[in-house]
1. So which residues in region 33-73 are of a type in the set (Asp, Glu) and closer than 20 Å to residue 20 by Cα?
2. Scan region 31-45 residue by residue and report those that are assigned to a helix (DSSP H, G or I) and surrounded by 10 or more Cβ atoms within 10 Å (Cβ to Cβ).
Amino acid sequence: MHKNYNRKHYKFRKFLQEYLKLGVPVYSTDELEEHEIEYDFFITGSDQVWNYEINGNDSAYFLNFVQDKSKKNHMLLVLV
C-alpha cells in the first residue's frame, strides 16, 4: 500500500509542477483581495470546503474575494 501511495503522490506532484503555476501562500482575506488581479483563474475544491465544521464558515473558500466571476471555478476534487 505504501508503494502505491508514493507512486500516486509522485505523479500528482509532477502534474502540479508541469501544468499548474501556483501562487504564494496567503493567510487572510485582505491578502487574497490584494493578489486577485495577479491571477487569471481561481479554483477551490475538496469535500472539506463544503464542511462548515472544518472551514469555520470562512467565505473565502467560496471565492467571495474574486470580483471577476469568470475567474471562478468551484469543483469537488476526489483523489483515489
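1. Answer for region 33-73, where residues must be of a type in the set (Asp, Glu) and closer than 20 Å to residue 20 by Cα: 36, 38, 40.
2. Taking region 31-45 first, the residues assigned to a helix (DSSP H, G or I) are 31-38.
Result: 31, 32, 33, 34, 35, 36.
Taken together, the values in this text are just the output of simple stated rules run on the coordinates, not laboratory data. Just so it is clear, the structure is predicted and the values come from calculations on it, not from any experiment. FYI the Cβ positions are ideal-geometry reconstructions off the backbone, even for glycines, and counts take in every protein chain you see.
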